[in-house]
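*Asks:* Following this message is one structure expressed as structure tokens.
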Amino acid sequence: MDLRPSIPAMLRFTTLRLLSFALSLVAASIVIFAVIEVIPGDPASYMLGLNASPDTVAALREQMGLNSSLILRYLHWVSGMLHGDFGTSYTYRVPVSELVSARLWISIPLAIYALLLSTLLAFPVGLIAAARRGKPTDIGIMGATQLGIAIPNFWFAMLLVVLFAIRLHWFSAGGFPGWSKNFWLSLKSLTLPAIALALPQASILARIMRSSLLDTLGQDYIRTARAKGLTRGQALRRHALRNAMIPVLTIMGMQFSFLLAGAIIIENVFFLPGLGRLIFQGITQRDLIVVESAVMLLVFAVIAVNFLVDLLYAVVDPRLRGKS
Amino acid sequence: MSLLSVQNLSVGIHGTPILRDVSFEVRPGMVFGVVGESGSGKSMTALALMGLLPDGAETSGQATLQGQTLLGLPERQICAIRGAEIGMIFQEPMTALNPVRTIGDQVAETLIVHGKANRSEALKIARQRLNRVGLPAERFPLDRYPHELSGGQRQRVMIALAIALRPQLLIADEPTTALDVTTQAQILTLLKSLVQEDGMALILITHDLAVVSDIADHIAVMEKGRIVEKGPLETVFRNRENPTTRKLFAASNHAPQRVVRAHTEPILEVRDAIRIYNPSRRRLFSKTQGLRAVNNVTFSLKRGENLGLVGESGCGKSTLTRAILGLEPLQGGEIRAFGTPVGPRMPKSQRAKIQVVFQDPYGSFNPRWKVVRLVAEPFHLLENAHLNRRERVAEALESVGLCADDMDKFIHEFSGGQRQRIAIARALILRPKLIVLDEAVSALDVSIRAQILDLLADLSKRFQLSYLFISHDLGVVRSITDRVLVMKAGEIVEEGPTEQLFSNPTHPYTRQLIAATPRLPDDLKPPHADSKGTA
């Protein structure tokens, strides 16, 4: 019996994950569609205002395809999305895909930027804390991360604005010039929001990293490594780190999803036209088609990130490769 | 001339003395056995020599390896000695290897960290070492991961990485305690050949006198951090001058006194039991049969009988146990206890009739519960059970040799042996007639094990208990059971009265198991071994 995880095993693992990825998307699209359907309020009458005659509303409903059956409308929506057609916004009167993609060009770079900052900060900090367990460095780091989690990020964002934009004039206080106009300035304008988003995430991640490393350092194979002649530091880097990554990856996956959709407040503080603000506006204006599409995109992003995390698990841990 | 010389080694951890004035010498090519109960300081001695003591340990005394001092060296220097001059292997092969790195990588690392080879050379040498320990390239390529290997194979990898740089001294800390008898025999043979062919010295730490008698030249007996007796194996074994040595011998040969009450009425009947794992197919288009963990097993257990079930790990013992406890369904056949069928959906009243004691005295209790709650837990199987709960718990604790006041303590306040007594109290509280003992004494020291075996024999007499005693330890099974079943690959291959089966095994597998069990050679017993053994 050959138990070795060969390339076919990894391939099977990936295929099965892909399958579950696709099924999750289908399930999510049905739920989103159903939820939007049961929300009270008629988009047609909302668009036309209070004084619109019933005939006009009926005509608009017809034009928007609101009168056809549920299943037809669902299939229409899904097939449209598969072709990149997300419908037309009721309020803006422009294709939703344009609206959303413009926002995504801010939200995705911002989320990646924040995640990068958070990881770059959290990994060394967690590693140092674990290596200096119980020593003043560790206690100091633990206190600082506690503070980092406790501070609300919008308040921290405002502090950043006061210090770096108003006092020091290093950054602008808000707004976004656009990538095509000025790349570096655009990146710069995302810096403060990214820092504000990254700090609490980095604090959480550093703590997870530390405790996961400490768990791993207590394992028998670390003792084996030490008996081979590895120093404490070598054992930590060569044997503990990779084993400690599984819980860290899980948290990172969750954080990316949060950063993508959860940045509404930060987007407001810095006047960034991101996806969070679009959804917020969509909801208040009952622009259901925008909400529907944007939420679907977020779901897609979350599931895609989880899929990636699953694949990374298997890269990190050979024991997971043979299993589905 | 000695290879390793240890003089007056003392270790304290936060002021508590752990080792006191330990002195011994090891010559090249010698097998030096260190025996004693757990907590006697055997492992601490090894860790002190390796410089791997826990934080807060203070060491005094001297230890030299070929004139080079070992104690109190700065990290860099001791790291250069560890793995290169002294190799070490440990008890738990299942967890001692890094699960995310290949075996070749882990063996090669020993060479790489010491700067003795670059990566490709190191892998070549790793290949040779793995061949040397009996893991040939065809079946065990370098890119295998630990989880693809059995416990015995992992222990071989451990040995390969410990001998990668051909150290002059190998320290083996209970290297075979977690292994089956047949695997244990193979590993011991391998260690012996490393000493004989490669001229390495070996320090073998074990609690098992039979294991050292098989392999060691010299031994040291430890108790409470001291060496109480040492010398050539034959002299120590024959003279047994120190009371600790005599106590160890008595405990390892211990057979509790039992009264055999042969009833004919069966209380547990297993008929044609079949248990298949993964009966569903894994892939879409290929039919897989699943694993038949228990295959057509039939036996019965009579009232008052102590029935043993032996076999290697993976033979289906534990699966059968879970089916008997009604925790898992059968795919064929049936199990009846006290005339009523057993299964996952059996009523609580039926469940109350069979209780169980597991192997791990540490993992089988909720650490946040007090003993009274732990012991009273089976009461949820009965109605109106909260009536006089504390009295019942007190009674159960007293019957296992603890006192009633212990019920308000937490489990961490007890030793391993006491915990196993609490586990037995929990099994007794419903006054069952049948107790399943699943490796119940396997994790215990020889002398604690002897006490628990006595307790079990005594309880069986007092409460007319029947036991189904599951173990891989043939010696223990021989001492406490009336009848034995031998299980291999899901089937019962031999069955018979204990003494008859052990003295006259008929199935080749039983013979193989008995032959692999290490035994104290008869010629090393003192003239009046029998009188001393039972004293």
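The values are calculated or read from the model by the stated rules, or taken from the named source; none is laboratory data. If you're wondering where the values come from, they're calculated on a predicted model, not measured in any experiment. Neighbour counts run over all protein chains shown; Cβ positions are idealised from the backbone, glycine included.
Quick grid of which residues meet (1) of a type outside the set (A, V, I, L, M); (2) more than 25 Å from B:F463 (Cα to Cα); (3) surrounded by fewer than 22 Cβ atoms within 10 Å (Cβ to Cβ); (4) under 30 Å from the mean Cα position of the chain (by Cα):
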residue: B:L325; (1), (2), (3), (4): no, no, yes, yes
residue: B:P329; (1), (2), (3), (4): yes, yes, yes, yes
residue: B:P341; (1), (2), (3), (4): yes, no, yes, no
residue: B:F358; (1), (2), (3), (4): yes, no, yes, yes
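*Asks:* Considering only segment B:122-138, state which residues are away from every other protein chain (no Cβ under 13 Å) and part of a loop (DSSP other than H, G, I, E, B).
*Replies:* B:V133, B:G134, B:L135, B:P136, B:A137
*Asks:* Return the pairs, sorted by first residue and then second, in which the second residue is hydroxyl-bearing (S, T, Y) and not in a loop (DSSP other than H, G, I, E, B), the first residue lies in segment B:68-90 and is at the interface with chain A (Cβ under 8 Å from one of its Cβ atoms), the beta carbons are less than 6 Å apart, and the residues are 6+ apart or on different chains.
*Replies:* Hits for this filter: B:G83/B:T110.
*Asks:* How about segment B:139-240: which helices (runs of 4 or more DSSP H) wholly inside it have at least 1 residues that are of a type in the set (F, W, Y)?
*Replies:* So the answer is B:233-239.
*Asks:* Kindly state which strands (runs of 3 or more DSSP E) lie completely within segment B:434-535 and contain at least 2 residues that are surrounded by fewer than 15 Cβ atoms within 10 Å (Cβ to Cβ) and at pLDDT 90 or above.
*Replies:* Once the strands (runs of 3 or more DSSP E) in segment B:434-535 are filtered for at least 2 residues that are surrounded by fewer than 15 Cβ atoms within 10 Å (Cβ to Cβ) and at pLDDT 90 or above, nothing remains.
*Asks:* Out of A:I289, A:I303, I need the residue that is farther than 19 Å from A:T14 by Cβ and either surrounded by fewer than 19 Cβ atoms within 10 Å (Cβ to Cβ) or in contact (Cβ under 8 Å) with a residue 12 or more places away in the chain (or both). Which one?
*Replies:* None of the other options fit; the residue is A:I289.
*Asks:* Sticking with this one: Can you tell me how many residues within segment B:195-219 are buried (at least 21 other Cβ atoms within 10 Å of the Cβ) and either in contact with a His (Cβ under 6 Å, 6 or more places away or on another chain) or more than 24 Å from B:R246 (Cα to Cα) (or both)?
*Replies:* Of the residues in that region, 3 qualify.
*Asks:* Just to check your reading of the model, which residue among A:L272, A:L311 is away from chain B (no Cβ under 14 Å) and closer than 26 Å to A:S189 by Cβ?
*Replies:* A:L272
*Asks:* Within segment A:1-30, restricting attention to residues that are closer than 24 Å to B:S150 by Cβ and among the small types (G, A, S), which residue is modelled with the highest pLDDT?
*Replies:* Of everything passing the filter in segment A:1-30, A:A9 is modelled with the highest pLDDT.
*Asks:* Next up: Under the condition of being among the β-branched types (V, I, T) and in contact with a Ser or Thr (Cβ under 9 Å, 6 or more places away or on another chain), which residue from segment B:262-276 is farthest from B:K302 (Cα to Cα)?
*Replies:* So the residue we want is B:V270.
*Asks:* Residues being away from every other protein chain (no Cβ under 12 Å) and either crowded, with 17+ Cβ neighbours inside 10 Å or in a helix (DSSP H, G or I) (or both): count how many of those fall in segment B:109-121.
*Replies:* 4
*Asks:* Another question, then. Which condition number does B:P93 fail, the rest of (1) surrounded by 20 or more Cβ atoms within 10 Å (Cβ to Cβ); (2) at pLDDT below 90; (3) more than 14 Å from chain A (Cβ to nearest Cβ) being met?
*Replies:* With respect to (1) surrounded by 20 or more Cβ atoms within 10 Å (Cβ to Cβ); (2) at pLDDT below 90; (3) more than 14 Å from chain A (Cβ to nearest Cβ), B:P93 is out only on (3).
*Asks:* Being small (G, A, S), surrounded by fewer than 19 Cβ atoms within 10 Å (Cβ to Cβ) and at negative phi is the requirement here; does A:G143 meet it?
*Replies:* yes
*Asks:* Being free of Cβ contacts under 8 Å to residues at least 60 places away in the same chain, within 14 Å of another protein chain (Cβ to nearest Cβ) and crowded, with 17+ Cβ neighbours inside 10 Å: is that true of A:R223 here?
*Replies:* When the stated conditions are applied, A:R223 passes them.
*Asks:* Of the residues A:A165, A:A240, A:A173, only one is within 13 Å of chain B (Cβ to nearest Cβ), in contact (Cβ under 8 Å) with a residue 24 or more places away in the chain and crowded, with 16+ Cβ neighbours inside 10 Å; which?
*Replies:* Just a single option satisfies the conditions, and that option is A:A240.
*Asks:* Residues in segment B:156-182 that are of a type outside the set (A, V, I, L, M, F, W, C), within 15 Å of B:I205 (Cα to Cα) and more than 11 Å from every other protein chain (Cβ to nearest Cβ): how many?
*Replies:* 4
*Asks:* Follow-up question, since we're still on this one. Taking into account only those residues within segment B:52-67 that are small (G, A, S) and either farther than 25 Å from B:G29 by Cα or in contact with a strand residue (DSSP E or B) (Cβ under 7 Å, 6 or more places away or on another chain) (or both), which is nearest to the other protein chains (Cβ to nearest Cβ)?
*Replies:* B:G56
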